[in-house]
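Student: The structure is given below, and queries will be raised subsequently.
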C-alpha cells in the first residue's frame, strides 16, 4: 500500500483532484475535513456527493451526527480503519482535506494517555486559571480565549491527574505515518477568492438555507458544528440580522479569511521540505509515487 496527502485551502479543488487521482491509481480516500464528518451537513461542508464519490471508497465522511463529538482521536481511528481496508483490499490511500491539524497529528503523532474528549464542567476562564496555577510554563503558550486548547489541557488533568507538561513527558507523541508525501494545491489570492465566491453562490443555489433550517430544528444551535462558516452566517440571516445579499458576502469574506489561516498553518507546520506545491491539475510527480 502506498499513501499520499493532498492539502490546500478551502475551495482549492482538493476533492476533485483526489477523485481523479484515486480513479487512476486504485486508491481509496480518507477525507480530512472537520465538517464533512457530519451526516446531514452536505451543502455547508461541500462534501462530494454520492454520485461524485462513485465507486471510490471513502472514509471520514458521514461518520457522526451533528450532536456527536468528533476530534483528532476519532480522526486517527478513521485513518487506522482506512489503512486496514486499503491493505486488505490491495488499494492505495489518498488523504485529502483542509483540516491540516489532523494531518499534523498523523505525521507528528499524539499522546495516547487519554481516551475521550469531555466538555468542560467549569467555565473556560476557571479552567484556564486552574491550569495556569498547575502548569504556568505550559499555559504561557495558550491564550485565555482559546477554548479548544484549554479544554484539551483540562481533559488531560481531569482524566490523568497530571499537569499537561507531566502528561506529555509520560506519554510522548508517536507518529502514525512516516515519510508521507504531502502535496499542497496553491492558488493566486484573487483567483482563490473568485473560486470561493462561485462556490458560495452554488451552495446557496443548492439549498444551504433550507439545510441550516433543518439542522437547527433537529439539533438546535448548541453543537460546535453549528458555528461553522456557512451555517453561522445563515443563522444570522434567519434571525433577520443580515440580508440575503449580506449573507452571501459574509460567507465569502469569512471563507477567504479561513483560507488565509489555512495557508499560514500549512506553511508554518509543514515547511518547504515537506510540501510539494502543485497546481489544480493531475501532477506527474503524484502518479510516479504509485
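Student: Given the Cα atoms of segment 147-280, and with Rh set as the inverse mean 1/r over their pairs in the Kirkwood sense, what is Rg to Rh to two decimals?
Tutor: Using only Cα positions, Rg/Rh for segment 147-280 is 1.08.
Student: So what does the Cα-only Debye profile of the chain read at q = 0.15, 0.16, 0.17 Å⁻¹, as log10 I(q)/I(0), no solvent term?
Tutor: Ignoring solvent entirely, the Cα scatterers give -1.30, -1.42, -1.51.
Student: Based on DSSP, what percent of beta bridges with both residues in the chain are antiparallel, to the nearest 5?
Tutor: 5
Student: Only Cα pairs under 8 Å and at least 6 apart count here; give the relative contact order of segment 1-128 as a rounded whole percent.
Tutor: 37 percent.
Student: Give the share of C-alpha pairs in each 10 angstrom bin for segment 124-170, from 0 to the last occupied bin, in whole percents, shortest bins first.
Tutor: Percent of pairs per bin, in order: 31, 62, 7.
Student: Give me the distance between the Cα centres of segment 156-194 and segment 212-242, rounded to whole Å.
Tutor: Between the Cα centre of segment 156-194 and that of segment 212-242, the gap is 29 Å.
Student: Additional query: Translational diffusion coefficient of segment 11-86 at 20 °C, 1.002 mPa s, Stokes-Einstein with Kirkwood Rh over Cα pairs, in µm²/s as a whole number.
Tutor: It diffuses with D of about 167 µm²/s by this estimate.
Student: To continue, here is another question. Out of every Cα pair in segment 152-203, what percent are spaced more than 17 Å from each other?
Tutor: Percentage above 17 Å: 66.
Student: Let me ask something additional. Given segment 189-259 reduced to its alpha-carbon atoms as identical point scatterers, what log10 I(q)/I(0) does the Debye formula return at q = 0.16, 0.18 Å⁻¹?
Tutor: At q = 0.16, 0.18 Å⁻¹ the computed log10 ratios are -0.53, -0.67.
Student: Pairs of alpha-carbon atoms within less than 8 angstrom and 6+ residues apart define the contacts here; what relative contact order does segment 189-259 have, in percent?
Tutor: 41
Student: With the contact rule set at Cα under 8 Å and sequence spacing of 6 or more, what percent relative contact order holds for the chain?
Tutor: 28
Student: Specify, per residue and in Å³, the volume enclosed by the convex hull of the alpha carbon atoms belonging to segment 68-133.
Tutor: Output value, Cα hull per residue: 140 Å³.
Student: Separate question: Based on DSSP H runs of at least 4 residues, each adding -39500 (n - 2.57), what is the mean residue ellipticity at 222 nm of the chain after dividing by all its residues, to the nearest 500 deg cm²/dmol?
Tutor: When only DSSP H runs of four or more count, the value is -16500 deg cm²/dmol.
Student: Segment 45-170: D in µm²/s via Stokes-Einstein (Kirkwood Rh, Cα pairs, 25 °C, 0.890 mPa s)?
Tutor: Stokes-Einstein gives a translational diffusion coefficient of 145 µm²/s.
Read-outs: derived from the displayed coordinates by stated rules, not from any lab. Only a predicted model underlies this, so the values are computations on that prediction, with no experimental measurement involved.
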